[in-house]
1. Express in nm, to one decimal, how much length is gained between residue B:81 and residue B:61 on full extension, taking 0.36 nm for each residue of separation and deducting their alpha carbon distance.
2. Using the Karplus curve 6.51 cos²θ - 1.76 cosθ + 1.60 with θ = phi - 60°, work out ³J(HN,Hα) for each residue of the stretch B:128-139 in order, rounded to whole Hz, and write x for Gly and Pro.
3. For residue B:103, go 7 angstrom from Cα along the Cα-to-Cβ vector, then report the distances to that same point in the other copies in nm, smallest first.
4. Which residue is it, in chain A, that holds its beta carbon closest to the axis of the A-onto-B rotation, and how many whole angstrom away?
5. Where the Cα atoms of the stretch A:127-187 are projected onto their three principal axes, how long is each span, largest first, in whole Å?
6. Below 8 Å between Cα atoms, with a sequence gap of 6+, how large is the relative contact order for chain B in percent?
7. Please say if chain A is rounded, prolate or oblate, where rounded means a/c under 1.5 for a ≥ b ≥ c the square roots of the C-alpha gyration tensor eigenvalues, and otherwise the choice is prolate for a/b larger than b/c and oblate otherwise?
8. From zero outward in steps of 10 Å, how is the percent of C-alpha pairs of the stretch B:153-195 spread across the bins?
2 protein chains.
Amino acid sequence: MDTIAIIGGTGPQGKGLGYRFARGGHRVVLGSRTKERAEAAAEELRPRISGSGSVEGADNAEAAEIADLVVVAVPYDGHDALLAELGDQLAGKIVVNCVNPLGFDKAGPYGLDLGPTSAAEKAQALLPEAHVVGAFHHLSAVSLLSEADVLDHEDVLVCGDDVAAKARVLELAATITGKPGIDAGPLRLARHLEPLTAVLISINKRYRVRSGIAISGLTGGQR
Amino acid sequence: MDTIAIIGGTGPQGKGLGYRFARGGHRVVLGSRTKERAEAAAEELRPRISGSGSVEGADNAEAAEIADLVVVAVPYDGHDALLAELGDQLAGKIVVNCVNPLGFDKAGPYGLDLGPTSAAEKAQALLPEAHVVGAFHHLSAVSLLSEADVLDHEDVLVCGDDVAAKARVLELAATITGKPGIDAGPLRLARHLEPLTAVLISINKRYRVRSGIAISGLTGGQR
């Protein structure tokens, strides 16, 4: 059992990941700006958690402090400022960044042009003592929060420069999809994973579905 | 039966797409800098084409002139200059851009930082009278050139601003994957489709596979 904090744990993506990790037997601490909002989100999830997992609420700093693996699931707007504040709490920890820097206009969603960087790389620059891993960008909140046993038609793409941190996140992905995540390469490839979410949202709108990414060709069979 | 030209038809990706389209019953004109090189590539494919399809060689300008649907499969280096030369031949035509602007260094492949644009959008800017569609970025040349009947575990993501041109390319994708392509949205989303190829190449290297993209959730079943 790991203690996993979700910074931004009251948003749909953060709450959905927290639900899956608690269901998978982990101790989950949802973080939010105020402990009250986080407690409310935890209370909402708690009746749905059976087994050895648990979910509680805390403010973001406290959540980051308690956990040894911290998921960052905040909107991109404000992402840098929030992480800069949490430098002490996150030092030495595995920080899983699943932030998608997206814009929306009348032509639909698109990835923001950050130059040759990504939210994950910015997080690493702001948190030089943390081990930042990019993952969980493409799972829809609705699927995460559903009753579905495992989201086995989706793959979790994981990128990072710290081998041990990445290995732990690859394994954690199985809690959600029933199979390890896929090692997509170094952290800088988050530049290409993050904006891909704009493509999925665009497909969702066109086909009225909840689309996800699966990587084919890995086993020569259905995958 | 369509007449489909492949600009850059002697490279592995262009030749692979040409093979699939000819196998699917189309008349394919492989284009290259010189007619001789194109003819040689056509001759190499010809014994593998049965049925009503055909493959021939021409220089790039002639190939573009003959066809009404033109696939651009050239390296990104030189892409702009070549398209600028073909403005007259490509006016009014469907131009399918499958160019991936990638870089490689000791940390592996990565998408080049083009700013807020893509090879496909640059093609459209250079060819204002053509109907540019982005598609076929993620199919490996090895798979395309294999004997496999259909690449049915892969999806072709298609983006474009011209509805009719996009519809035609969505349908053409079925020649390769056995099912229509997926409408990913407007042409600008090529910014996110093109560099995704770097992620697939990175996965291929790590897992020694030929990976591809499949979109899950479209039918609620395996897809």
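The values are calculated or read from the model by the stated rules, or taken from the named source; none is laboratory data. This one's a predicted model, so the numbers in the text were calculated from it and none came from an experiment. Cβ coordinates were reconstructed from backbone atoms using ideal geometry, including for glycine residues, and neighbour counts include every protein chain displayed. Just the protein is used for accessible areas: all its heavy atoms, side chains included, with ligands, DNA and RNA removed. Shrake-Rupley method; radii C 1.70, N 1.55, O 1.52, S 1.80 Å.
1. Numbers: separation 20, 0.36 × 20 = 7.20 nm, distance 1.31 nm.
Extra length from residue B:81 to residue B:61 when fully extended: 5.9 nm.
2. For the stretch B:128-139, the Karplus curve yields x, 8, 9, 10, 8, 10, x, 6, 6, 6, 10, 7 Hz.
3. Spelled out, the distances from residue B:103's label point are 2.2 nm.
4. Residue plus distance in Å, as requested: A:214, 2.
5. Each principal axis gives a Cα extent; for the stretch A:127-187 these are 37, 20, 14 Å.
6. On the way: 511 pairs, mean separation 38.6, N = 223.
Rounded, it is 17 percent for chain B.
7. Details: a/c = 1.30, a/b = 1.12, b/c = 1.16.
Judged from the Cα gyration tensor, chain A comes out rounded (a/c under 1.5).
8. Binned Cα distances yield the sequence 33, 52, 15.
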